[in-house]
1. Being in contact with a helix residue (DSSP H, G or I) (Cβ under 8 Å, 6 or more places away or on another chain) and either closer than 23 Å to G50 by Cα or in a loop (DSSP other than H, G, I, E, B) (or both) narrows it down to one of L190, L167, so name that one.
2. Report whether or not S175 is among the hydroxyl-bearing types (S, T, Y), within 22 Å of T52 (Cα to Cα) and modelled with pLDDT under 90.
3. For the range 182-203, what are the residues that are closer than 21 Å to I122 by Cα and not aromatic (F, W, Y)?
4. Criterion first (exposed (fewer than 13 other Cβ atoms within 10 Å of the Cβ), over 17 Å from Q160 (Cα atoms) and at pLDDT 80 or above) does R57 satisfy it?
5. Enumerate the pairs (first residue in the range 108-125 and closer than 12 Å to D182 by Cα; second residue anywhere and assigned to a loop (DSSP other than H, G, I, E, B)) with beta-carbon separation below 7 Å, excluding pairs fewer than 6 apart on the same chain, so at least 6 apart or on different chains.
6. Looking at the range 69-90, is at least one residue at pLDDT 80 or above and either part of a loop (DSSP other than H, G, I, E, B) or under 20 Å from the mean Cα position of the chain (by Cα) (or both)?
7. Residue check: is T171 in contact with a Phe, Trp or Tyr (Cβ under 6 Å, 6 or more places away or on another chain) and surrounded by 15 or more Cβ atoms within 10 Å (Cβ to Cβ)?
8. Give the residue, chosen from A140, A119, A131, that is modelled with pLDDT of 90 or more, hydrophobic (A, V, I, L, M, F, W, C), in the same structural domain as V189 (by TED's automatic domain parsing) and closer than 17 Å to T197 by Cβ.
Amino acid sequence: MNRRFGMDQVCEIRCAMTHAGRSVAEGLQDVLREDGVRLAHCRIRGAFMGPTGRLARLPVKTREAVYEGELDGVRGVAAEGHPSSLFNPPESLRPGSLDLVLPTERPEEVDQYRITVRASDIDIFKHVNAANYVRYVASALSRRGGSESIHRAELKYSGQAVVGDVLDVLTWSLSGDVYAADILRGDEVLFRPVVETESSSVL
């Protein structure tokens, strides 16, 4: 996230696919405010799953839609009259680079938060929506006394969760406001992020 923003904010979402292989694609997404200021930026790498839930080949038309270059977006000062959040705090510019590194190991000392997947967590593909994995982590960080406002993240998805699955969210501190987490179903790691949160002094 480059900036915070709140309810009723008019936004434009720009997407572009930058690479397409047999079954894996990479892309960019930007969220722009109506005055052109970029609110958020992400790079995505994912595998194409067919109707059966198994890895499938990308359609030819999809592979032909590759875009070369960066999405156009302004990262400047807000135009007058554009509040940066619901409570209108001073606007702060966030780093534009995604340089968080996923940990390869989990320490023995972690905080644990258990949840059961609800029907409302499921998307049209009948598994937990990607954004809800991040929400689970934010809730776990809040329970351990940290900020649940995540503004930067590096995410790795390794499996799918469905309604009724019991998941353990394990979180641990890396440094300052940077945390790592594992979401497990039994011993299977479904999701591992490293996230940077906003400290309470910023909120």
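1. When all the criteria are applied, what remains is L190.
2. Taking the combined requirement at face value, the residue does not satisfy it.
3. D182, I183, L184, R185, G186, E188, V189, L190, R192, P193 - these are the residues of the range 182-203 that are closer than 21 Å to I122 by Cα and not aromatic (F, W, Y).
4. Yes, satisfied.
5. Final answer for the pair search is D111/R144.
6. no
7. yes
8. It is A140.
The values are calculated or read from the model by the stated rules, or taken from the named source; none is laboratory data. Keep in mind that what you see is a predicted model, and the values were worked out from it rather than measured. Reconstructed Cβ throughout: ideal geometry from the backbone, glycine too, with neighbour counts over all protein chains shown.
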